[in-house]
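Quick note: the coordinates plus some simple rules give every number you see, no bench work behind them. A quick note: this is a predicted structure, and the numbers were derived from the prediction, not measured. Don't worry about glycine lacking a Cβ; one is built from the backbone with ideal geometry, like all the others, and counts go over all protein chains shown.
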Amino acid sequence: MHDFIFKNNRLLCENVSVEEIARKVGTPVFVYSRKALLDHYRKLEQTFAEIEPLICFSMKSNSNLSLCRLLVQEGAGLDIVSGGELYRAKKIKAPAQKIVYASVGKTPEEIEAGIKAGILFFNVESLPELEMINDVAGRLRKKQRVAVRINPDVEAHTHHYITTAKKQNKFGIDLKTTENIFLNLRRRFKNLDICCIHVHIGSQIERVAPFIQAVKKAVKLIERLNAHGANITHLNIGGGLGIIYKKEQPQTAQEYARAVIPLVKNRGLKLILEPGRFIVGNAGILATKVVYVKDTAVKRFIIVDAAMNDLMRPALYGAYHEIVPAIKRKKMTFRTADVVGPICESGDFLAKDRRLPAFLKQNDVIAVMSAGAYGFSMSSNYNSRRRAAEVLVSGSRFRIIRKRESYSDLVKNEVIGNE
């Protein structure tokens with residue numbers, strides 16, 4: 001699952017002590033395992049090997065340049081959702097023909113940048129967006145490939161904030177409109193090659209059934225449209241594979257591939273995948289230090305130097321992250337406590353009512369597990385807090401891959417005007 005294990009009562013990332021990293025780099029700090037990151041990518045690559053899909057890592061889950069470059073060097077493409085992520089992709093020299101560009105609100109400037117970069121596909125979310133890409137491509141005298149993202153109205157059985165394929169969600173185009181695009185409207189878009197169907201039903205999905213349902217709908221639609229001359233050559237089935245945070249039992253890569261491959265094999269389609277959390281989620285943790293332990297008449301609070309601005313998921317989704325001490329004791333007693341940060345919000349917590357070692361005290365280092373996905377990428381400067389450092393471990397060595405922000409970084413773009 002990951003490469004964070006206890007050895008001689010010390011939590012190690014590969015062969016490096018998490019406490020040692022925390023003491024040398026400071027806290028809070030995100031710590032990533034190179035081995036775990038690449039192992040998770042290779043697992044998908046191997047299980048789908050017989051149909052050789054394009055695996056585009058979802059940058060929104062973690063856009064650190066060093067991590068993305070490792071995956072690109074391994075052969076991965078990138079799934080991007082903004083002009084900023086395109087800039088990052090170009091910075092690490094990701095092959096443009098392995099980049100797919102999603103999001104519901106691409107601006108004309110972002111579209112122009114994507115076309116000029118030579119990306120493989122825009123994943124189109126609406127008719128107005130299709131028209132805009134056509135107009136920009138025409139102005140640039142380019143022919144741009146696009147994928148129509150369908151909304152298959154499939155229940156993903158995940159948190160309602162991260163389900164994306166129900167009719168009431170903002171994502172995708174309904175099947176009837178999609179058919180109209182391919183059968184009647186396609187000739188209007190002279191600057192586009194509309195040759196891909198895209199479907200992404202949500203995130204942290206534990207069951208394989210919703211994926212099967214969505215892929216079957218997409219394949220059936222493609223066959224119907226191609227029978228009428230649509231010439232759809234690619235199918236992008238998005239991401240969404242769940243990981244273990246607590247006691248989840250998500251399908252394995254093997255189970256997922258075993259379910260999907262028979263649905264697309266021998267149909268003349270190039271498959272695209274967009275995994276994010278599956279690759280990086282359990283490849284990273286957030287190390288933080290205890291600032292105070294506060295006991296009240298009704299509750300114990302372990303106050304740490306990480307906060308909701310560092311890891312938003314618990315506050316935003318009520319998400320569970322396992323919390324462990326960086327150093328264990330042979331014999332431990334436990335007390336129930338909330339793990340909270342210093343931000344001025346009651347929603348600033350990393351864990352509630354958690355059974356944790358009673359010995360935890362000021363300056364002890366604890367690890368918030370499974371924080372590699374949607375950790376740093378969702379972090380902010382709320383309360384004028386500096387964003388955390390990031391570290392990559394490889395075997396017995398580690399290096400800083402993002403410096404901790406300074407106070408001057410917080411204000412470097414601000415201008416104090418004359419009143």
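Taking 0.36 nm per intervening residue step and subtracting the Cα-Cα distance, what contour gain separates Glu345 from Asn8 on full extension? Walk me through the numbers on the way to the answer.
Values: separation 337, 0.36 × 337 = 121.32 nm, distance 3.77 nm.
That pair, Glu345 and Asn8, stretches by 117.6 nm at full extension.
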Point to revise | ³J(HN,Hα), Karplus 6.51/-1.76/1.60, whole Hz, each residue of segment 131-136, x for Gly, Pro | key: 5, 5, 4, 4, 5, 5
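Determine the gain in length on full extension of the stretch Ile400-Arg329; use 0.36 nm per residue of separation and subtract their C-alpha separation, reporting nm with one decimal. Walk me through the numbers on the way to the answer.
Details: separation 71, 0.36 × 71 = 25.56 nm, distance 2.89 nm.
Full extension from Ile400 to Arg329 adds 22.7 nm.
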Point to revise | Contact order normalised by residue count of segment 34-278, Cα under 8 Å, 6+ apart, percent | key: 20 percent
Point to revise | the chain, relative contact order in percent, only Cα pairs under 8 angstrom and at least six apart counted | key: 20 percent
Study note, to complete from the structure: Diffing segment 273-287: the Karplus 3J(HN,Hα) column from phi (6.51, -1.76, 1.60, θ = phi - 60°), in whole Hz with x for Gly and Pro, holds 10, 10, x, x, 4, 4, 7, 10, x, 8, 8, x, 10, 10, 8
Exercise for review: If a/c stays under 1.5 just call it rounded; otherwise compare a/b with b/c (prolate if a/b is bigger, oblate if not). Do that for segment 34-278, with a ≥ b ≥ c from the square roots of the Cα gyration tensor eigenvalues.
Suggested key: oblate
Practice item. Provide the FRET efficiency to the nearest 0.05 for the Lys190-Val411 pair, computing r from the beta carbons and using R0 = 41 Å. Key: 0.25
Review point. Using 1/(1 + (r/R0)^6) with R0 = 30 angstrom and r between the beta carbons of Ile212 and Ala49, what's the FRET efficiency to the nearest 0.05?
Key: 0.90
Revision key, fill the gap. Non-local residues with an amide H under 5 Å from the amide H of Asp364, with H modelled 1.01 Å from N and Pro and chain starts lacking one, are Val290
Review point. Projected onto the charge dipole of segment 34-278 (+1 at Lys/Arg Cβ, -1 at Asp/Glu Cβ, origin at the Cα centre), which of Leu65, Ile115, Leu54 gives the Cα projection farthest towards the positive end?
Key: Ile115
Check your understanding: If you rank Glu179, Glu85 by fewest surrounding Cβ atoms within 10 Å, what's the result?
Key -> Glu179, Glu85
Review point. So who's got an amide H within less than 5 Å of the one on Ile401, skipping anything under 5 residues away but keeping other chains? H placed 1.01 Å off N, in plane.
Key: Glu390, Val391, Leu392
Check your understanding: Along the positive direction of the dipole of the chain (beta-carbon charges: Lys, Arg +1; Asp, Glu -1; about the Cα centre), which of Gly26, Ala388, Leu241 reaches farthest?
Key -> Gly26
Review point. How far apart, in nm, are two points set 7 Å out from the Cα along the Cα-to-Cβ line at Lys91 and at Ala227?
Key: 4.9 nm
Point to revise | Packing-based exposure ordering (other Cβ within 10 Å, fewest first) of Ser346, Ser61 | key: Ser346, Ser61
**Study point:** Most mobile listed residue (Asp353, Asp364, Asp338) in the chain, GNM with C-alpha springs under 10 Å
**Key:** Asp353
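In Å, what Kirkwood hydrodynamic radius results for the chain from the alpha-carbon pair distances?
Values: mean 1/r = 0.0439 Å⁻¹.
After inverting the pairwise mean of 1/r, the radius is 22.8 Å.
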**Study point:** Phi-based couplings in Hz for segment 221-229 (Karplus 6.51, -1.76, 1.60; Gly and Pro marked x)
**Key:** 5, 4, 5, 5, 6, 5, 5, 9, x
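Work out the length of the dipole vector of the chain about its Cα centre, built from +1 on the beta-carbon of each Lys and Arg and -1 on the beta-carbon of each Asp and Glu, and round it to the nearest 20 debye. Mind showing how you got there, number by number?
Working: 66 positive and 42 negative charges, 154 e Å.
The dipole magnitude comes to about 740 debye.
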Check your understanding: Quick one: if the Förster radius is 41 Å, what FRET efficiency do Lys352 and Lys220 give, using the C-beta to C-beta distance and rounding to 0.05?
Key -> 0.40
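What shape does segment 1-122 take by its C-alpha gyration tensor, where a ≥ b ≥ c are the square roots of the eigenvalues and a/c under 1.5 counts as rounded, a/b above b/c as prolate, and the rest as oblate? Don't jump to the answer; show the numbers that get you there.
Details: a/c = 3.16, a/b = 1.71, b/c = 1.84.
Taking the square roots of the gyration eigenvalues as a ≥ b ≥ c, segment 1-122 is oblate.
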Review point. So which residue, out of Lys106, Lys217, Lys330, gets the largest mean-square fluctuation from a GNM of the chain using Cα contacts under 10 Å as springs?
Key: Lys330
Revision key, fill the gap. Two pseudo-spin positions, 7 Å from Cα along C-beta at Glu255 and at Asn381, lie apart in nanometres by 4.4 nm
Revision key, fill the gap. Given backbone amide H placed at 1.01 Å from N, residues whose amide H is under 5 Å from that of Asn151, ignoring those fewer than 5 places away on the same chain, are Ile173, Asp174, Leu175
